[in-house]
Each structure stands twice: as C-alpha cells, then as structure tokens.
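Here's the structure we're looking at; comments come further down.
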Amino acid sequence: MSSPVVKLNSGYDMPLVGFGLWKVNNETCADQVYAAIKAGYRLFDGACDYGNEKEVGQGIARALKDGLVKREELFVVSKLWNTFHDGDKVEPIARKQLEDLGLEYFDLFLIHFPVALKWVDPAERYPPGWAGADGKITFSNATIQETWQAMESLVDKKLARSIGISNFSAQLIMDLLRHARIRPATLQIEHHPYLQQKKLIKYVQNEGIVITAYSSFGPLSFIELNMDSAHNTPTLFEHNVITSAANKHGKSAAQVLLRWATQRNIAVIPKSNDPTRLAQNLEVTGWNLEESEIEAINGLDLGLRFNDPLNYGFYIPIFA
Ligand code: NAD
C-alpha cells in the first residue's frame, strides 16, 4: 500500500499521507524510518528541531542500500528552525541538515514558525530550541521577506525542490505572496476536529497552496507532553461522532480522523511505531466518508489549539 499524491504549485507530486518524525527517539528512529518505508510510506516529515535527522538519514540510507526504494521515490520534508531566519544563516543550516540526512536536496523545506530568534551556533547548541541556557528568548530582526528570499535561493541552488511555510496566519501569507518570487507550495498547520481553521484553509487552498495537517488526533499528541489542556479535553478516539463513522465503515477512529482530512485534499503525517497502526494510517484514501459524516465532524470545532508557544511557557502569541 502506498499513498496517492497531490500536485504542488512547484510542479512536483507530494504523497497525501506521510510519516511524522516529531518525538521519534534517537535510539529507534533509523529502524522506524526503515520499517515505515517497508510498509509503503514515501513522505517523511522532519525538522532540525526534532533532533533526529542523522538517524532519519541512517534509516533512509539503509532502505536505499537494500533496494526498498530509490531516492526519487521518497519525499523528504524538513524545516528551518527559528534561530536560522537571518538571510545569511539559511543556506549554511540547510546544508548541515542535508549532510545529517545524507541527502543532496530536500523535496520540501518549510519555515517552521514565523518567529525569528537570534542565531545560535550549531557547534554550541543543536538543536537550539526556543530559549537559551538562561531560559530566555532572544529575537532577531529578520523579516519574513528576508528569510523567504533565502529560502528561494535554496530552490535556485537545487538544495530544495519546493519550499513552504508552517504555523503562518492568513495575514502573514497575504504579505508573503506580495513579494514571493517562488510561492509557498504548502502550509503545514495544526488541524483536527477541535481546531479546524476553516477560513485559513479556504483562503490558502484558493491560492493554490496545499495544506498539510499535523496533530490530526488532537489532544493525543499533547498528552504525551503532559499539557493540561490536552488532559482536560475528551479524546477524539472515543467521540461518538467519530466512533459511529468508524463502525459504519469498518475503520478505526484514527482512520476516520485522517480520512476527514485527506478527503478534502489535506495531507496528513501521523506517526506510529506499532506495525498495525503504521499500516492502518496509510489506508486513509480510496474509501469515502459520507457527506453527512463530514458535516458532523465539521460541527466539532472548538477553536482549541495545543501547539502554541504560549503552551510551552513562551509569551510569543503568534496565533492571537
Ligand atoms: P501524531 O499524528 O503522531 O499522533 C499522536 C500519537 O497518536 C502518536 O504518538 C501515536 O502514538 C498515536 N497514534 C498514531 N497512529 C495511531 C492509530 N492508528 N491509533 C491510535 N493511536 C495512534 O501527532 P503529532 O506528532 O503531533 O503530529 C504528526 C506530525 O506532524 C509530527 O510527527 C511532525 O512531523 C508534524 N508536526 C509539525 C508541527 C509544526 O509545528 N509544523 C507540530 C507538530 C507536529
């Protein structure tokens, strides 16, 4: 089983279903990437911030060596961390990340957050995270335009085939599109029934930019982080709107949540290290929820966001 693809405005095809690499620990990461490739995954969604790009690269290298896939069949995504937004810092860090991955190009490279922080030398601290050793945040003056121009030059230099953004608001995207020489191919956002962002998605899809959903299972990912709001929110896997659709189609609740996105051309990037779930999460295309079921899920919106710097203790209200 593999995933169907969606055409990006850069001309490249992107799998609609991929494997997310956040919180995949270093010890098991290479094996998980290898197992996911074996199970049929072709898209891998990584980031400098996940701190596992060397291991991701090892998993990919082993799969290539064993002939499971060819490089051109994979779609490797990574992200520019906040401390590398200064125009002259983008290319050096992109080259380091590619070296860690053992690759010559990213299929897609995203600005992880619209937050520019002061440069941190990777030799001193890597991944740099949000705050310095003193727990404080220090901003940089880099504008999104400065950072985007440096992202565009990665495409010119063939270090990235497509470039995109993550955690951006509609206002910022409108501004970006005024100056972009290369338009963002994708916008990656938190998206689940409790946080649907309908207006943002409509605007972005109308602009020909593909949406990728992260944290498709809502609070689940943030329970692992012990976030209070996640503990206090009813799990989507037991919500009767989700379970009744799941029972009707003979699918799991997780599959219903993923299909609710893919059926509207929104890409998904769940991760699992359980072989059954790994296969299950890939089978979220090729069958359809009924319109009434989609409507019922659309009715669950609470505007409830988990992945917000405010929830990590940093007063950076990018979603205000
Ligand atoms: P996730 O989709 O990986 O789901 C959370 C948990 O659900 C997993 O830990 C897993 O144990 C469980 N799970 C997976 N499949 C299941 C199934 N079939 N049945 C039951 N449980 C299942 O959530 P996430 O890690 O928050 O998001 C996915 C990916 O999105 C990340 O790995 C990362 O690549 C990306 N992401 C990006 C950003 C960003 O700022 N751009 C933020 C968060 C996540």
Multiply the residue separation of Arg181 and Lys198 by 0.36 nm, subtract the distance between their alpha-carbon atoms, and state the gained length in nm to one decimal. 3.4 nm
Could you tell me which residue out of Thr28, Ile211, Met227 lies farthest along the dipole of the stretch 5-304 toward its positive end? Charges go on the beta carbon: Lys and Arg +1, Asp and Glu -1, centred on the Cα centre. Ile211
Tell me which of Ile316, Leu257, Leu64 sits at the most positive position along the dipole axis of the chain, charges placed on C-beta atoms (Lys, Arg +1; Asp, Glu -1). Leu64
Vicinal HN-Hα couplings computed from phi for the stretch 284-295 (Karplus, 6.51 cos²θ - 1.76 cosθ + 1.60; Hz; Gly/Pro x): 10, 9, x, 9, 10, 6, 6, 4, 5, 6, 4, 4
Scalar couplings 3J(HN,Hα) for the stretch 203-215 by Karplus 6.51 cos²θ - 1.76 cosθ + 1.60 (θ = phi - 60°), nearest whole Hz, x for Gly and Pro, are 4, 5, 5, 5, 7, x, 9, 7, 8, 10, 8, 10, 6
For n ≥ 4 DSSP H runs only, could you compute -39500 (n - 2.57) per run for the chain, divide by its residues and tell me the 222 nm figure to the nearest 500? -10500 deg cm²/dmol
Roughly how big is the chain's charge dipole about its Cα centre, with Cβ charges of +1 (Lys, Arg) and -1 (Asp, Glu), in debye to the nearest 20? 480 debye
In whole Hz and in residue order, list the ³J(HN,Hα) couplings for the stretch 119-135 that follow from phi through the Karplus curve 6.51 cos²θ - 1.76 cosθ + 1.60, θ = phi - 60°; x for Gly and Pro. 4, 10, 5, x, 5, 8, 8, 8, x, x, x, 7, 10, x, 4, 7, x
Set the Förster radius R0 to 22 Å, insert the Cβ-Cβ distance between Thr28 and Arg264 as r into 1/(1 + (r/R0)^6), and round the FRET efficiency to 0.05. 0.10
Residues with amide H under 5 Å from that of Leu80, placed H, sequence gap 5 or more: Leu110, Ile111, His112
Once the Cβ-Cβ distance between Ala123 and Val5 is put in as r, and R0 is 41 Å, what FRET efficiency do you end up with, to the nearest 0.05? 0.60
Label model pair Tyr315, Asn232: point-to-point distance (7 angstrom along the Cα→beta-carbon line) in nm is 2.0 nm
State to the nearest 20 debye the size of the charge dipole of the stretch 1-78 about its Cα centre, where the only charges are +1 on K and R beta carbons and -1 on D and E beta carbons. 200 debye
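Each reported figure results from applying straightforward, stated rules to the coordinates on display, with no laboratory input. Keep in mind it's a predicted model, so treat the numbers as computed, not measured. Quick reminder, even Gly has a Cβ in these numbers, built from the backbone with ideal geometry, and neighbours come from all protein chains shown.
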